Structures are given as C-alpha cells and as structure tokens.
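Derivation of every value follows stated rules applied to the coordinates shown; laboratory data play no part. Predicted model, so just to flag it, every value in this text is computed and none were measured. Neighbour counts run over all protein chains shown; Cβ positions are idealised from the backbone, glycine included.
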Amino acid sequence: MIFKAFDLERDAVSQGFELGVYDLVVAGSVLHATSDLAATMKNLRKLLKPRGNLLYFEMVPLLRPELNIMFGVLPGWWLSTEDWRVNSPLITEAQWDKLLQQTGFSGNDLIVRDYKSDSCHIWSLMVSTAEDKIQTTDAADCPIVLVLNPESTTQVALANIIQFTRKATIVPLSAIRDTRWTDSDVVISLLEVGESFVSNISESEFYDMKLLVQKANQLLWVATTTTKTEEHPWSNTMVGFFRTIRAESSQKHIVTLVIESEGGEVSETACADYISKVVKSVFEQGSSEIEFLVRGGLLNIGRLAKEISVDEQINSLVLPRLREEPWLPGRAVKLDAASPGILDSLQFSDDSAFYQRILDPEEVEIEVKAWPVNYQDLLIAQGHLEGDPDFGLGCAGEVTRLGAACHELKPGDRVVMAAIGTARTYPRGHIRTVAKIPDTMHFEDAVSSICPALTAYHSLVNLARIRKGDTILIHSAAGGTGQMAIWIAKTMGSRVLTTVGSVNERKLLRDEFAISEDDIFYNQDSSFTQGVMRVTGGKGVDIMLNDSSSGYNLRASWECLAPYGRFIEIGETENSSNAPLSVSPLRRNTSFFNVNVRHILQTNIELTHELLSNAMDLLAQGVLKFPFPKHIFPVSDIESAFRHVQNARNWGQVVVTIERDDLVKKLGCDTSTWKFDNEASYVVAGGLGGIGRSIVQWMVGKGAKNLIVLSRSGASSKAAIEMVSRLRAKGVTIITPRCDITSTEALVEVLEACNRTMPPIKGCINAANALQDAVFDNMSYAQWDLTLRTKAVSSWNLHQLLPDGLDFFVLVSSLAGVNGSSSQSNYGAGCAYQDELAKYRLSHGQKAVSFDLGWMRTIGVVAESEMYLRLMESIRDYVPVEEEELFALLDIYCDPSLPVLPPDQSQVLLGTQTKADVSRPLSSTMIRISGRNARNSRDQDVKDVAALFKKAEDPSNRLDIVLQALRDKLARLLYISADDIYLDKCLSDYGVDSLIAVEMVNWIIRDFRAVVAVFDIMGGKTIEAIASLIVERCGFYVENETK
C-alpha cells in the first residue's frame, strides 16, 4: 500500500499518477469539496481502467440548512464555482447520475442510502462504472472566442484565419461587457499581436481587460514580438501578470503564448498554427503546460535551472571560513569552540545577529576592552557544561549604545558589566548590571575583581552571615574568589584558615595577606582535615568555602564543619558530580549552600545589582583589593589564557585584554578585492527606501565616493536623512534630487545637471518601487499604472538615457514576477518587464542583470511592515533572503571585470523554494519523479551496510558496497528505482536539494563514520566520486574496527 497526496482538481499525470491503470477509486466525502465537479470527475475518469469502478460516499440532501450551519464555517465548504451550487456544495443522487454520464461514467449503478425516508436521509454510498471510451470534444467543435482590437489589421487578419479553420466568435475588447460565453469556451486574446497592448493601456482599456480576465474561465493570451525592437521587453509583462492571476483565481485555466522573431513580424498563418497547437495540447488534450514561447521557429516551454556556479560564489561570500583578521574594524564576533574539548579550536565566530538585534529599553551595549577567563569558561571549552552556554562571565569596556530607558549612562562611559556571554565584540547587559568605573581604574583591574567579589560577598555575607569570631576555611584561597573572601573575612573579624595547591600560593597568602603558616594547609589530599581539627581544638570551622575539593576531599571538608556551621559550595565541577555526602553533620544544625554566579547573573537582575553595588563600594573603600597576581593575555593569544587556567586555575586571576589591532582567528566569509571607482558616479534609483539604503551603504563600503540617489520625494524620511548625513560626514558625495524617473523629461534634466557637477556615470542599480497591492478584481487603474510605470518605465528610461558601456546595470526585481503573488498582479507585471529588459540589454551587448528577490528578512518593505511579513511567511514559494545574500549577488554582478553575459543568464532568482510544484510546470525540473519500480525499491530489505563495510577485505570491495548503498539510499529518498541511478551522474541531476543532502551526510557519518560536508554532496561530484570519498575517509574507521 502506497500513501500519496492527490489533488482532485489538478492534472493526475503532473502529480506522478499513471492514467487508465486503476481498477477502483474510493472517494469518501471529498468530491463535493472542489471548485468544479465536472473537472474533478473527468480527472478521476482518466485514472480508471475501462469498466473500472468509482466507489464514492457523499451527503446528498439538496437544501438542508443544518448542514450549512455545521460545515459552513469551514472554507472548503464554499469552493464550488458553478451557478447550480451557489447555496450548497452538495448535489442530489439524480444530479450525480447526470454528472457522471457527462464525464465518462455509466451513472449511478448502485445506491446504498443511510435511511429509507427522505426526512432523515443524508448519506449515500454510490457506485459507478467507467465507460469504455472517454467522450472528448472534437477540436472543430471546441468553442473559441477571439478578443481583439478591430483597428489592428494584423489582429483582424489573424482572427479571420483562425475563424476559417474552426468555429470562432470575434469580439472587440470594447464589446466585452455585452458579450456572453460559457465556462467551457476558450477565450483567445489577440490584443498583443502586432502591438504592445499593455505599454500604453488607457484607463478604459484597463477596465475592459479586467472584465475580460474576470469573465474568461479558459484564457489563452497571445503576444507577438520582435526582439530587436524597443517594444520587445513588454512582451513578457503579461506573462508575469497572469502568474499572479493564477494565484488569485486558481480555478481559472490561463495560458500564455509569446511568439518571438528576430527579424520581421511572424506571418499570421504561422501565428495561427502556433495558436492551434497550443489550444489542442492544453485545452483539448489536457496538457499541464501553461506558458509557451516560440523562439527560432520552435514552440518551447520554460523551466527553472539551478545556477551552480553562482550558488557556489554566493556561498563563498556568505558561508564563513576561518581566517586571521584584526579585532576591529570588522564584523562583530564572539568566542566559540569549534570542537569542544580541543583548546586550539578556539575561534571567534560571526555575532552579527546578536549585534544587529535592537536593544531593549533597559539594555546597554559596550565595546569590550577586557574580560576574565575563569574555570567555568574552561568547562565550556571542554564541553562539560550542560546546554550551549556562551563564554564570558563579566567584562569591562566603553558604552557604545543605550536602550531608550537608559538615562544614567552615555556613549563613551567606562563601565564594568556583570553578565554572561561577554566574550564578544559588543556584549550587552541590563542597565542594573552595569556600573561606571573611574578613569583611574584599569579595565583589567575592574574585570579581575567583579565576579570574584560578587561570589565572595554573596557566599559569606548573604548566605553564611559571617560575623566576628567565626572561623572560616577558604579552599583555593590564592584564587580570585579566595582572595576576595579573605578580605571580607578579615574585615568582619573572623579567623581565616586556608588551603593552597603550591608553595608559591602559600608564599602569596603569607606575604600579601598575613596568613599565619599554621593556618595554611595543602589541599592535594584530605590531610588538611587533621590540621583544621587540630587548630580548632577539634571543634571544626564555622564556615567552609569550598572551591577545589572533589569526591573524597569534598566529603572530608564536610566532616570538619562545626555545629551550626555553614558549608558554601562554589565549584562548578562539584555541582555536576553528584558526589554523595554524609547526612550526619546535618544533625548538628549545619547548612549546605550552593552558589552559582552564572545562574544569578542569568536569572536575578536585582540580586546582581545589589551584589555589584556592594562590591564596587568595598573596592572604592579599599576593603577589597584587586586579585594578585593578574595573568594578562592579549585576545590574539586566547588559547594561552585558557591553558593557564587549565594548568594553574587557582592562582591569581586570568584576564584577556583587547586592542583593536590584535590579530585573532575569525570565522568569516570570502571577500572580493575589487572596489568601485572613486572617480566615477553611480546611480541608485529608489536608494532611499529600506533595500535602497542598504545597497547604498554597501556600495560606500566597497569604495563608492560619488552617488546619485534618485527618488520621488528626496531625502525626507528620518532614516534617509540620517544615512545621507552619515555618508557625507565620511567624505562621500551623495546627491538626492527629487526626480520621477518614469518621466523622461525629469530624468533628462537631473542627469544633465549631474553631468556638470559629478564624475561620469559608470553603473546603475534600479531599486525603485511603489507597491499598490490589491486583488486584481478590486484594483484601480491608478494602482495599476503607478506600480507598473515605477518598475517598467523607470527601467527603460534609465536604459535609454544612461551612457553605453556601464560596468553594471542591476534591476532589483522580485519573485512576484516568477511565482505570482496574490494582490500584486501590477507588481508581478512590472517585475517580469524588468526580467525581459535585462535579457534585451545583454542581447544588444550591454551589461545587465535582473535580481528576482524573495522577501528580505531584515530590510525593505517586508521587514518594515507587519502585514507584509505575515503575508510572506504564509507563501510557500518564498524563503527569507538575508541582507548578506543580496550583497553577495551585488558583489558578483557589479564587478567591473565581469564580461557581458549571454542573454540566458540575465535573470537570477534568490529566495525561491527549490522543491517541485506540479501545479507550476516552470519548476517541474525540481520534481522527485516516482519511477516505474519505485515501490519495489522501497520494499527491498535494508541491508546492514555498516557491517558489510567493516567485513570487506580490500578497498575495491568497500567501494562496491558504498556504491550500492548510495544507490539504494537515493532510491528511497527520491522514490525512484535504483536501476535509474547512474554512477557517472551528479546528485543535482536527480533534483537532490540541501535537505536531502543533510540527511545523506548524517547517514554517511552514522553508517560509515566518514566525515563529509554538504558541499561534498552538492558540489558537482559524481556519485562514484562521492563513494570514493567515503571510502577514503572511512579508512581509519575500518582499520580500527577490524583490529
């Protein structure tokens, strides 16, 4: 039994089903939930063998209000579009019988009712038989309606030829309102034959066209064009328009046919022949194709193709690699361990997402100047802390940005921050966890004391309630926290006993803290307990501050606690070791506390503020002194700092300091070396909008010094004004004249003025946009005209008026012109025009490219509008595009060394789903087609390839095993036969996408223990080469497993 989705209203073949092979089709209360029952039944008839049966179960009452009340709240209840199903989607048994006979069935052969009486009858189980022959309409009888402009001799001549060969009615566009036709009539528009209908469409023509689209259920839109003429780019406009109409009116069957010629016009006879072929193929024989193009005398269909080389270039510019760079300037980074447990894998990875996140109202951002490295950081590097914690526990630096509610500080203030995750370029913390430090205090002094002081204060003052006369044992007293505890205990008048791990630590406590030799013990074993009990007269200590004991030593420390004693555990290792403790000391009214400063900083802002304030006060009063000695390491030697903690973690305090020119290992992306010519000017139309501003700033970052930013309103928004001011302060000449670039006169005037004051123009990016969204049925002429002119006419004017030989000519278009986007038919039409204009320029030897972008996640109208954001997230055809991906595309196509590309490389799609959509043949190359024997492949027993691989005696045997395993795995993933997988093919030839690649990588690692990357799978290697790579990287595994 195979489970597979089937859309009743779509062509069965396009969904991977074979026609005429099924003995029985079972439909349980689903047939009524379709828009066109006749079309649905025809689809089902095609699946059945002659004399095959349809068994269906349906509600059949004609008018039962209670059913509408129950099911009417569901959108699927009201899908019907037929006039006779307006009030309910249900039809009677008699109506079913008639419908079945009209769609290739025998009618109702058997009816089983749920109740004999009509008063209670709702459900019927019915059976029908597929007739031996499917009744089809002969081509000569297929009703045709030809819509044209009667003043066009070309259109009239073509209509007469078509009318001569088949039954057809000729209707002028102006008479559409008074013309009636049926849903089965095929309406053929000749309005773009011999002329561009849409380029100069009047308001009355627009509303007539709208009525035509509304009335036609089956529509073929025909356009003819000569590629050398200036009108040629308009030929693609209605193709983009109808892609949206299909999204808005899925029940309509709309087909486009564009007939190209390189020289003169195509003859009317040839056009009639092409039209006849399309009508026969689509409307009479049921082809699923919806877009046709005649080029070079051949009838073509379009398909998306993955541009592997551009994909690889984008990945190299977007996906990070490890390199050595200065700390600043550069991208924000954070400390990371590529391989937990290996200290030489420490690196600084991209932290842009954290840095770009908007500050909370009470949040403070600083540029870090120093942070401590403590034992918890070492545990993170070794992968011993649960979760995925960030490095850094506290830091010091200068304030860079403040939340709206932060009034106590200002940018440039020197501060310390008690927060977690501070080992990054720009750490953040709540205003209550940040404290100013005096100019006389070094950053490294401040960070060396803050967290140790917080820990010691909370442990001894808040929890242990230390008082005069108490005896305290401080383990690892030479460490930062231990030293702070000594100062607090001495201030409170307590007797201090300590443990150390070396002679140097002992000398430090004796010389710097005046600890008696008799009160210093070694903590390498449990012998310190004897000394503690001896000096306390057998009583034990009142307070135990434990930081270094583990296992047996922990228990030993616990046993030498005095009655009413307080045991404070601050060591991270002990928190997770679950070492057992005797309960006998608890009978002496003792207490056990666990202090985890990381948890406090993460969860309790007010306690953090209290501890930070008290620590700063004690430091200011001189009660606490900075830990000694400080082991200072530059950020460029971060590994040594961690190794010092690893080898001598209880001795002083380790601090990392940061200078901007320190070289560090950064995980980053490739960067191109080319720069914009600082002696040239560049035009950016729409450069003051969200995407435009981002592009302008990217260009400045690439060396552009002279920018002409065109827009209707000029720099009027706050964001635009701030950007212009900021760039001018950097020495960039940027002018922002108000200019409607859809007006030739206005653009000429501005460009002439620029020619007098600016360097020569050498490149152009058109990001102009004017969204006027509305469902086409509700769209006004003004909305249509504004959006279409902003995309199409502006692009043509820039093409016409800018000089030849530009370094680049980029049109920022949209996937709306490719996939169709509801409520954006005007926008889709304009974007399709830009796509064709780019091809037109390339065919004339001028550089050009059209970027069909999905929705930008962080910039532009979608990012700035919650409504658009919700819309884009709901559209399955789009995936969010990151700003860096757009920059990577610009980096590739604005490179002045890039030659003029072939016309078929004029259009780049970014942000579209690569999965197949059988309802849109354009993307059918991505379909994972089920082969003839797919079921047999899936039903094969899965062999234990790992076991076979380990037992193989030589590399050739192992290669054979891997090759077969790869074939079987691909067959299961792609639902095709293993026999149809050829070893000399690449995986991309079979439509393998990144999701499948990830699954394959995980499978290879699991079964063969071979480390391969997604790039190895997707990078163009043949299946045989991938198998060889697996065998090569499996050598260690095989050899060791065999031994």
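Points to keep in mind about this one:
- By the Kirkwood approach, averaging reciprocal distances over each pair of separate Cα atoms, the range 681-924 gets a hydrodynamic radius of 18.3 Å.
- Shape category assigned to the range 612-703 from the gyration tensor of Cα positions, a/c cut at 1.5: prolate
- Bridge type composition, the chain - antiparallel percent by DSSP, nearest 5: 35 percent
- Here's how it looks for PHE676: its modeled amide H is under 5 Å from those of GLY703, ALA704, which are all 5 or more places away or on a different chain.
- Loop-resident trypsin sites (Lys or Arg not before Pro) (DSSP state other than H, G, I, E or B) in the range 237-339 with no more than 13 further Cβ atoms inside 10 Å of their Cβ: ARG303.
- In order along the range 529-535, the phi-based Karplus estimate (6.51 cos²θ - 1.76 cosθ + 1.60, θ = phi - 60°) of 3J(HN,Hα) comes to 5, 5, x, 4, 5, 5, 6 Hz; Gly and Pro are listed as x.
- Based on every Cα atom in the range 139-301, Rg and the maximum pairwise Cα distance Dmax equal 14.4, 39 Å.
- For the chain, alpha-carbon Rg over 2.2 N^0.38 Å: 1.23
- For the range 417-549, size of Cβ-based charge dipole, Lys and Arg +1, Asp and Glu -1, in debye: 500 debye
- Our Cα-only numbers for the range 13-129 put the radius of gyration and Dmax at 14.4, 43 Å.
- Charged neighbours of ILE144, selected by a Cβ distance under 9 Å, balance to +1 (K, R count +1; D, E count -1).
- Other residues whose C-beta falls under 12 angstrom from the C-beta of MET723 contribute a net charge of +4, scoring Lys and Arg +1 and Asp and Glu -1.
- Distant-in-sequence amide H partners of VAL147 (H built 1.01 Å from N, under 5 Å): VAL171, ILE188, SER189, LEU190
- Protection proxy ranking of 25-38, 453-466, by the mean of other Cβ atoms within 10 Å over each peptide's residues and highest first, is 453-466, 25-38.
- Rh (Kirkwood; distinct C-alpha pairs) - the range 487-569, Å: 13.1 Å
- Prolate/oblate/rounded call for the range 761-822, Cα gyration tensor, a/c under 1.5 rounded: prolate
- When the GluC sites (Glu not before Pro) in the range 187-225 are filtered for DSSP coil states and for at most 16 other beta-carbon atoms within 10 Å of their beta-carbon, no site remains.
- Ellipticity estimate at 222 nm from DSSP helix runs (n ≥ 4, -39,500 (n - 2.57)) divided over the chain, nearest 500: -10500 deg cm²/dmol
- Per-peptide average of other Cβ atoms within 10 Å, ordering 68-77, 633-642 highest first: 633-642, 68-77
- DSSP-loop chymotrypsin sites (Phe, Trp or Tyr not before Pro) across the range 360-454, with at most 15 other Cβ within 10 angstrom: none
- Annotation: the range 448-621 has a Kirkwood hydrodynamic radius of 16.1 angstrom, from the mean reciprocal C-alpha pair distance.
- Along the axis of the charge dipole computed for the chain (Cβ charges of +1 for Lys and Arg, -1 for Asp and Glu, origin at the Cα centre), the listed residues GLY341, VAL73, THR757 are led at the positive end by GLY341.
- Peptides ranked, highest mean first, by Cβ atoms within 10 Å: ranges 1-13, 490-502, 532-544: 490-502, 532-544, 1-13
- Counting only DSSP beta bridges with both residues in the range 139-301, the antiparallel share comes to about 15 percent.
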